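Chemist: Right, I'll just put the structure down here and ask away after.
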Amino acid sequence: MKQLGLISITASLMASLFCACSDDSVPNASVVPAPSDVSSSSLVNSSSDVAYSEADNPVSSSSLAVSSSSIDMSSSSSDESLSSSAVADSPTFSKYLAQFVSPGENSLNFDSHVVAFNANGFTSKCEDAVVQLDDEENIILLNSISEENIAECFPKTASLLKNKFSPDVKFYAIVIELGADPLFAVLNKFTADEIVFYGVHPGGENCILSASMTRTIFLVADSDEFVKNGNIPVSGQKFHSDIWKCDESGRNIPSVKNFGEWYSDSLL
């Protein structure tokens, strides 16, 4: 597999089991400028009021999405109901964003080239294929990704890609590491000139986050042939939710679903 380009973001807050993160605490990133803060005044609350747990997953493995092109319009009403239910339960970008961004809020979204992402929910085979280290143990690789590895890293997404892109479109995997949980990761901009991602933090004063590292692999369809070499600048920014927040003690952050595989609504 031909490897194209080098892009890496490694940010870690692993100094202690817990860390108190305020507006001024920004994860270190060796290859990007220190993230600037962005916040929104019109955000929606998480539907859960239980403490955050890493056991939360976007959907169960049995809740697979159904592409609209695969639905037989002449099928029975029961089949249509089943298909509609499967689509409704799909882990789409819109549902991911709705946990901290209100409908109609345009301050944060996924770039249209981003097809899917998988946060801490991929197999070791996937990791071996797309995550590689330099001599200093830093993740530095932006990889072209094969059809086989797309299926390995993004099993729910792979079945939805058929006939969605022309055969000459190239796919790439971009790896981002963030070092304090709970966090959301959003790849907001992908062009020939820059790549911009956001680490979404809960609002509130001095929220105490787990120091666990979240590794996210983004699947990007380079339909505009942006990736021609490895010299695309990468920048990271921090987005604070005004409603998804910790309590006055800095703890009891409402539960969110930020792990596992999610994909673009355009695939349905």
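Chemist: What number of residues within the stretch 87-114 are within 13 Å of the chain's Cα centre (by Cα) and assigned to a helix (DSSP H, G or I)?
Modeler: Summing the residues that are within 13 Å of the chain's Cα centre (by Cα) and assigned to a helix (DSSP H, G or I) in the stretch 87-114 gives 5.
Chemist: Can you name the condition, by its number, that ALA151 falls short on among (1) assigned to a helix (DSSP H, G or I); (2) touching a Phe, Trp or Tyr at 6+ places or on another chain (Cβ under 8 Å)?
Modeler: Single failed check for ALA151: (2).
Chemist: What's the total number of residues in the stretch 239-268 that are touching a helix residue (DSSP H, G or I) at 6+ places or on another chain (Cβ under 7 Å) and in a loop (DSSP other than H, G, I, E, B)?
Modeler: Of the residues in that region, 2 qualify.
Chemist: Cβ-Cβ distance below 8 Å, separation of 6 or more or different chains: which pairs start in the stretch 217-231 with a residue that is under 13 Å from GLU194 (Cα atoms) and end on one that is at pLDDT 90 or above and among the charged types (D, E, K, R)?
Modeler: Final answer for the pair search is VAL227/LYS170.
Chemist: Same structure, new question: Please indicate, with yes or no, whether at least one residue in the stretch 219-242 is within 19 Å of SER102 (Cα to Cα) and surrounded by fewer than 19 Cβ atoms within 10 Å (Cβ to Cβ). Explain how you work it out, then say what you get.
Modeler: The first filter runs over the stretch 219-242 and keeps only residues within 19 Å of SER102 (Cα to Cα), leaving 238-242.
Filter again for surrounded by fewer than 19 Cβ atoms within 10 Å (Cβ to Cβ), leaving 242.
Yes, that holds for at least one residue.
Chemist: While we're here: I'd like the full set of residues that are modelled with pLDDT under 90 and not in a strand (DSSP E or B), limited to the stretch 207-226.
Modeler: Residues satisfying the conditions are ALA211, SER212, MET213.
Chemist: Scan the stretch 158-197 for residues that are at pLDDT 95 or above, closer than 18 Å to ASN120 by Cβ and surrounded by 23 or more Cβ atoms within 10 Å (Cβ to Cβ) and jot them down.
Modeler: Correct list: VAL186 only.
Chemist: Continuing with this model, one more query. Which of (1) over 21 Å from ASP128 (Cα atoms); (2) surrounded by fewer than 19 Cβ atoms within 10 Å (Cβ to Cβ); (3) in contact (Cβ under 8 Å) with a residue 60 or more places away in the chain is the odd one out, the single condition PRO155 does not satisfy?
Modeler: (1) is the only condition that PRO155 fails.
Chemist: Among the residues of the stretch 115-145, write down those that are buried (at least 21 other Cβ atoms within 10 Å of the Cβ), in contact with a helix residue (DSSP H, G or I) (Cβ under 8 Å, 6 or more places away or on another chain) and not in a helix (DSSP H, G or I).
Modeler: VAL115, ALA116, ASN118, PHE122, ASN143, ILE145
The values are calculated or read from the model by the stated rules, or taken from the named source; none is laboratory data. In this text, all values refer to a predicted model and were calculated from it rather than measured experimentally. Cβ coordinates were reconstructed from backbone atoms using ideal geometry, including for glycine residues, and neighbour counts include every protein chain displayed.
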